[in-house]
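Q: This is the structure, below, for whatever I ask next.
The values are calculated or read from the model by the stated rules, or taken from the named source; none is laboratory data. Just so we're clear, the structure is a prediction, and the values are computed from it rather than from any experiment. For neighbour counting, all protein chains shown are included, and Cβ atoms are generated from backbone atoms with ideal geometry for every residue, glycine included.
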Amino acid sequence: MSWRARFAEIRTGNRELAELTTWKIGGRARDFLEPEDAEQALALFAELHAAGEEPLVLGGGANLLIDDGGHERPIIHLGRLRDLDEEGETLRVAAGYPFLKLVGEMSRAGRSGIEGLAGIPGQMGGICRMNAGGRWGEIRDVIDRVVVATPEGERLVLGRDECGFSYRSSALPGLVLEVVLALGRGDPGALRARAAEYLKIKGASQPLKIPSGGCCFANPEGISAGQLVDELGLKGERRGDAQISEQHGNFIVNLGQASFADTVTLLELVESEALSRRDIRLRREIGIWPSPR
Ligand code: EPU
């Protein structure tokens with residue numbers, strides 16, 4: 001039986017992807033698959049690989065720029081994996097759990113450790129995969145272990161030190177199914193106040209109300225990428241509806257109908273100016289899913 005037949009119940013054909021990203025840019029997926037639980041996600045991931053496919057994994061669609069052409073690679077969306085279980089002092093969080101919601105719930109429950117990550121969109125799996133964070137910490141600080149499905153269909157449990165975490169990056173060998181967090185305890189009022197304060201600071205410097213992919217580039221040695229773009233005089237540069245934010249230079253905002261091509265043009269403009277005028281080679285923090293041309 002083909003994988004399309006076996007997973008027909010969780011497959012949608014010709015699925016529009018733009019609405020599933022924070023940037024609101026994207027095309028249509030020929031095969032969009034939404035596993036019901038971790039077991040099915042593991043089976044699907046293995047079966048796709050066995051069939052010679054190279055699936056892409058979509059979480060909360062943050063920090064991700066999807067081409068507005070068509071997509072032939074199967075796309076696995078983990079949004080239905082939303083279990084949350086307390087196990088003593090640790091918390092098991094399924095890969096599809098919305099992170100904004102988790103931060104709010106944990107602060108209210110008096111569980112500390114992720115309040116510094118308030119305002120980061122995305123789902124638990126993606127947050128872990130890219131070691132999301134900012135000025136007030138990063139997710140690896142509270143990770144106890146990560147459960148991963150390998151392309152061969154194995155279920156691996158990796159301790160924090162086996163995940164290859166570094167600044168905005170990891171080296172996880174497959175699909176994240178579940179993340180186990182080691183959280184502390186604190187006063188709910190104080191945790192909520194801290195999260196609110198961080199959000200306020202972010203809201204003052206970042207264009208949080210306009211669709212975007214978050215920070216486009218990892219900060220290079222010695223300078224914030226946003227400040228670099230600012231110093232290069234590129235804030236406000238516009239191609240179609242894509243614009244380098246006037247508020248924060250590391251954001252490219254979608255003012256309405258921004259295309260993939262216009263957004264990539266701006267990314268490349270920043271990269272070439274940083275290289276030619278400052279001798280800085282920027283690393284993209286965002287993921288990019290181009291369509292076959
Ligand atoms: N700055 C400018 N001009 C700008 C933007 C920033 O001069 O257009 C200056 C600021 O004034 C400040 C410095 O650059 O002195 C740093 O800026 P900011 O505090 O905004 O921090 P950042 O390094 O740009 C990082 C993360 C953000 C995270 C914030 C706050 C990276 C690449 N970015 O930004 O993460 O929200 O700290 O914690 O690590 C993301 O990863 O998507 C993201 C937005």
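Q: Considering each of Leu181, Leu232, Leu191 in turn, give the residue that is closer than 21 Å to Met130 by Cα, touching a Gly at 6+ places or on another chain (Cβ under 9 Å) and surrounded by 14 or more Cβ atoms within 10 Å (Cβ to Cβ).
A: Leu181
Q: Would region 168-175 turn up any residue that is within 16 Å of the ligand (Cβ to nearest atom) and in a strand (DSSP E or B)?
A: yes
Q: Based on what the data block shows, is Glu221 part of a loop (DSSP other than H, G, I, E, B), farther than 26 Å from Gly59 by Cβ, within 15 Å of the ligand (Cβ to nearest atom) and out of contact with any strand residue (DSSP E or B) (no Cβ under 6 Å at 6 or more places or on another chain)?
A: Spelling it out, Glu221 is indeed part of a loop (DSSP other than H, G, I, E, B), farther than 26 Å from Gly59 by Cβ, within 15 Å of the ligand (Cβ to nearest atom) and out of contact with any strand residue (DSSP E or B) (no Cβ under 6 Å at 6 or more places or on another chain).
Q: Return only the number of the condition from (1) buried (at least 17 other Cβ atoms within 10 Å of the Cβ); (2) more than 16 Å from the ligand (Cβ to nearest atom); (3) over 19 Å from Gly153 (Cα atoms) that Ile75 does not satisfy.
A: Every condition holds for Ile75 apart from (3).
Q: Give region 17-37 a look and list any residue that's among the hydrophobic types (A, V, I, L, M, F, W, C) and surrounded by fewer than 22 Cβ atoms within 10 Å (Cβ to Cβ), or say none.
A: Ala18, Leu20, Phe32
Q: What residue, of Glu89, Glu115, Glu105, is surrounded by fewer than 17 Cβ atoms within 10 Å (Cβ to Cβ), at pLDDT 95 or above and either more than 16 Å from the ligand (Cβ to nearest atom) or not hydroxyl-bearing (Ser, Thr, Tyr) (or both)?
A: Glu105
Q: Could you list, in sequence order, the residues of region 224-234 that are within 8 Å of the ligand (Cβ to nearest atom) and not in a loop (DSSP other than H, G, I, E, B)?
A: Answer for region 224-234, where residues must be within 8 Å of the ligand (Cβ to nearest atom) and not in a loop (DSSP other than H, G, I, E, B): Ala225, Gly226, Gln227, Val229, Asp230, Glu231.
Q: A follow-up question, please. Restricting to region 184-218, give me the number of residues that are over 19 Å from Leu255 (Cα atoms) and within 9 Å of the ligand (Cβ to nearest atom).
A: 5
Q: Additional query: Touching a residue at least 40 places away in the same chain (Cβ under 8 Å), surrounded by fewer than 21 Cβ atoms within 10 Å (Cβ to Cβ) and under 22 Å from Glu285 (Cα atoms): which single residue out of Leu65, Leu56 fits that description?
A: Only one candidate passes the filter, namely Leu56.
Q: Still on this model: Determine, yes or no, whether Phe260 is within 12 Å of the ligand (Cβ to nearest atom), aromatic (Phe, Trp, Tyr) and under 30 Å from Gly79 (Cβ atoms).
A: no
Q: Further, regarding this structure: Taking Pro121 and the conditions (1) surrounded by fewer than 23 Cβ atoms within 10 Å (Cβ to Cβ); (2) more than 16 Å from the ligand (Cβ to nearest atom), which numbered condition does it fall short on, given that it satisfies the others?
A: Looking at each condition in turn, Pro121 falls short on (2).
Q: I'd like to check something: does region 203-216 contain any residue that is assigned to a helix (DSSP H, G or I) and either in contact with an Asp or Glu (Cβ under 9 Å, 6 or more places away or on another chain) or under 24 Å from Arg145 (Cβ atoms) (or both)?
A: no
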